[in-house]
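Values quoted throughout were computed directly from the atomic coordinates according to the rules given, and no laboratory measurement underlies them. Because the structure is a prediction, the values reported are computed rather than measured. As a convention, Cβ positions derive from the backbone with ideal geometry for all residues, glycine included, and neighbour counts pool all protein chains shown.
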Amino acid sequence: MPLVAWGLAKLFPITSDQVVGLVLVCIASAGPAGLKAAQLAKRADMALAVSLVIVLQLVNIVAAPLWARAVVTGASVSASMIIKDLLILVLVPLVLGLAGHARYTEHAEAWKQGLEKISNIALYLAIATGIAVNWSDIVSLLGSWVLVAASVMILVFMGLGALIGLKDRSTAISGAMVTGMRFQPIGLIIITTQLSGNSAYLAPALVFALIDTFLMFGIGIELGRRAPQPQPSTSGAH
């Protein structure tokens, strides 16, 4: 996907620094937020989506540093940071959820809606905070080709990810959501620590991160709206 990102970014009339910023934010795969996008789509295979995120995050430990050095000479990525995020954002919540479901099976369905609302509120607050903190960098690129380039890149990532499920829609949706949502913090950390937070790189990376989040969740919501609704049970109606 980083090679795809580089090739697509080069097709648009943007600066070489903006190309580097966009590619860096794409070098790591399977951002955990892709699981939320898959959940919103309603027709994704969530077990597969979780498995893909875990496996690809482990692959990131080896692949992300290699991609970082290919894009920026001498760049390095901390494996411990990837492992920490994998534990905190994916594995620990997964284990707690499974344990809670097993321990309180009779309450699981009743609690589900409330917990999803809390999750959504926390997500919206995080997005709003990110926009507020980086407002000036975001505004500087409004109306630029960077927005178009980022959107096209994400849609292409999704299309390529969907290829794993050519014969199964739920598998295709899972692949699309996991592949489309890049693990953006890796690239942002490289820019802030090893490129001195240069806005020429940081601004397009931030814009990509926001578009990736909004676009993926928007597509997930739209897919969820089109999902077949469960039919009400008719048992005992007679």
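Remarks
- The number of residues in the range 199-227 that are over 17 Å from the mean Cα position of the chain (by Cα), assigned to a helix (DSSP H, G or I) and among the aliphatic types (A, V, I, L, M) comes to 3.
- Count of the range 130-158 residues which are closer than 14 Å to Thr213 by Cβ, in contact with a Ser or Thr (Cβ under 9 Å, 6 or more places away or on another chain) and not small (Gly, Ala, Ser): 2
- Selection within the range 39-58: residues that are in contact with a Ser or Thr (Cβ under 6 Å, 6 or more places away or on another chain) and not in a loop (DSSP other than H, G, I, E, B). The member of this set that is nearest to Gly224 (Cα to Cα) is Ala49.
- Single residue of Leu142, Leu91, Leu96 found to be farther than 17 Å from Ala37 by Cα and surrounded by 15 or more Cβ atoms within 10 Å (Cβ to Cβ): Leu91
- Any hit, the range 89-110, residues being among the hydrophobic types (A, V, I, L, M, F, W, C) and in contact (Cβ under 8 Å) with a residue 60 or more places away in the chain: no
- Verdict on Val59 being under 19 Å from Phe217 (Cβ atoms) and without any contact (Cβ under 8 Å) to a residue 60 or more places away in the chain: no
- In the range 153-174, the count of residues that are over 14 Å from Ala30 (Cα atoms), in a helix (DSSP H, G or I) and of a type in the set (Asp, Glu) is zero.
- In summary, Arg69 fulfils each of the numbered conditions (1) surrounded by 13 or more Cβ atoms within 10 Å (Cβ to Cβ); (2) in contact (Cβ under 8 Å) with a residue 12 or more places away in the chain with the single exception of condition (2).
- When residues of the range 74-88 are limited to those that are of a type outside the set (Gly, Ala, Ser) and either closer than 16 Å to Leu188 by Cα or touching a residue at least 24 places away in the same chain (Cβ under 8 Å) (or both), the one surrounded by the fewest Cβ atoms within 10 Å (Cβ to Cβ): Met81
- Test for Gln39: is it within 18 Å of the chain's Cα centre (by Cα), at negative phi and either basic (Lys, Arg) or surrounded by fewer than 19 Cβ atoms within 10 Å (Cβ to Cβ) (or both): yes
- Assessment of the range 9-28 against the conditions (part of a helix (DSSP H, G or I), closer than 23 Å to Phe217 by Cα and free of Cβ contacts under 8 Å to residues at least 12 places away in the same chain) yields no matching residue.
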